[in-house]
Amino acid sequence: PRGVVPVWATHLTAAIDIQKKLLYYTVIAWADDFTGCVIDYGAFPDQPRSYFTLRDDSLITLQGVGLKLGITDDDGAIWNGLEQLSARLMGGEWRREGENAGTMQVERCLIDTGWGEKTDLVYEFLRRTKHRGLMPYKGYGITAGRAPMEDWAKKTGETRGMNWLVTSASGQRGMRRVVVDTNFWKTFVAARCSTAKGTAGALWVYG
């Protein structure tokens, strides 16, 4: 069922992508072997239709929600959306599968800073939010002509993993941020989606 954490999951993560009209989000439960299940996904504000695009004229937008609160500019509307969505994702508890199995909380939620016009806004929001576990994220499409991340010069205070790194706090705008090779991780996710259910490393969607 939607919003229910599988019994085998040990970690719960989320991500938010910022568009002018909407915030897209996903919540994924993971096992330690990268078996995963998308337990929730969608857009904020919630939409009445299950299928829609950013071009649709009938969207309920961030700006429309903001106007009801007296917010008349895009930055304020996006900020309000981030506040409400992060409260939903980080402030709530997600029920675990099974009787009396308890709940889990999202450990980490990455917010994309790739939209240049709104990068400063995202960092300012992250400085002010009360929700722990939110981090800025930036993806780079590393092609064959560029040095792989493992060859990048290591800087003091960084944490590194498989085609990702977390910068030191002395870097971008005084905050630690997650940097990834998006091409590698798109391929990785595609492989997870094409792995049969019941096999270690498979990724599926609720329902």
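Quick notes
- The largest accessible area among Ser168, Ser58, Ser50 belongs to the first residue in Ser50, Ser58, Ser168, and the rest follow in falling order (1.4 Å probe, all chains).
- Each of Thr199 and Met162 was given a label point 7 Å from its Cα along the Cα-to-Cβ line. The distance between the two points is 1.5 nm.
- Entry note, the chain: the mean residue ellipticity at 222 nm calculated from DSSP H runs of n ≥ 4, each adding -39500 (n - 2.57), is -7000 deg cm²/dmol after division by the residues and rounding to the nearest 500.
- Diffusion of the chain by Stokes-Einstein, at 10 °C in a medium of 1.306 mPa s and with Rh set to the Kirkwood radius over alpha-carbon pairs, works out to 86 µm²/s.
- Coil-residue trypsin sites (Lys or Arg not before Pro) of segment 125-184, DSSP, other Cβ within 10 Å capped at 14: Lys130, Arg132, Arg146, Lys154, Lys155
- Computing FRET efficiency as 1/(1 + (r/R0)^6) for Thr72 and Tyr140, where r is the C-beta to C-beta distance and R0 is 25 Å, gives about 0.10.
- In segment 85-142, the C-alpha radius of gyration followed by the widest Cα-Cα span (Dmax) gives 14.7, 47 angstrom.
- Amide H contacts of Trp204 (H built 1.01 Å from N, under 5 Å, at least 5 apart or other chain): Gly36, Cys37, Val38
- Ligands, DNA and RNA left out, the 1.4 Å accessible surface of the chain is 52% carbon and sulfur atoms.
- Of the trypsin sites (Lys or Arg not before Pro) found in segment 25-103, the ones in coil according to DSSP and having at most 12 other Cβ atoms within 10 Å of their Cβ are Arg49, Arg55.
- One equal scatterer on each Cα of segment 163-207, no solvent, Debye formula: the resulting log10 I(q)/I(0) at q = 0.15 Å⁻¹ is -0.56.
- Cross-link partners of Lys118 among lysines (Cα-Cα below 16 Å; sequence separation of 8 or more within a chain): Lys20, Lys21, Lys138
- Coil-residue GluC sites (Glu not before Pro) of segment 69-136, DSSP, other Cβ within 10 Å capped at 16: Glu93, Glu97, Glu99, Glu107
- Expressed in Å, the radius of gyration and Dmax of the Cα atoms of segment 25-68 are 14.6, 45.
- Simple label model, 7 Å out from Cα along Cβ direction - Arg55 to Asp33, nm: 4.3
- Placing R0 at 41 angstrom, the Cβ-Cβ distance between Arg128 and Phe184 gives a FRET efficiency of 0.80 after rounding to 0.05.
- For segment 95-180: accessible area per residue (Å², 1.4 Å): 61
- Translational diffusion of segment 38-152, µm² s⁻¹ [Kirkwood Rh, Cα pairs; Stokes-Einstein; 25 °C; 0.890 mPa s]: 145
The values are calculated or read from the model by the stated rules, or taken from the named source; none is laboratory data. Not measured: the values here are computed from a predicted model. Because the Cβ atoms are built from the backbone with ideal geometry, glycine has one as well, and the counts that use them run over all protein chains shown. Surface areas here come from the heavy atoms of the whole protein model, side chains and all, with no ligands, DNA or RNA. Shrake-Rupley method; radii C 1.70, N 1.55, O 1.52, S 1.80 Å.
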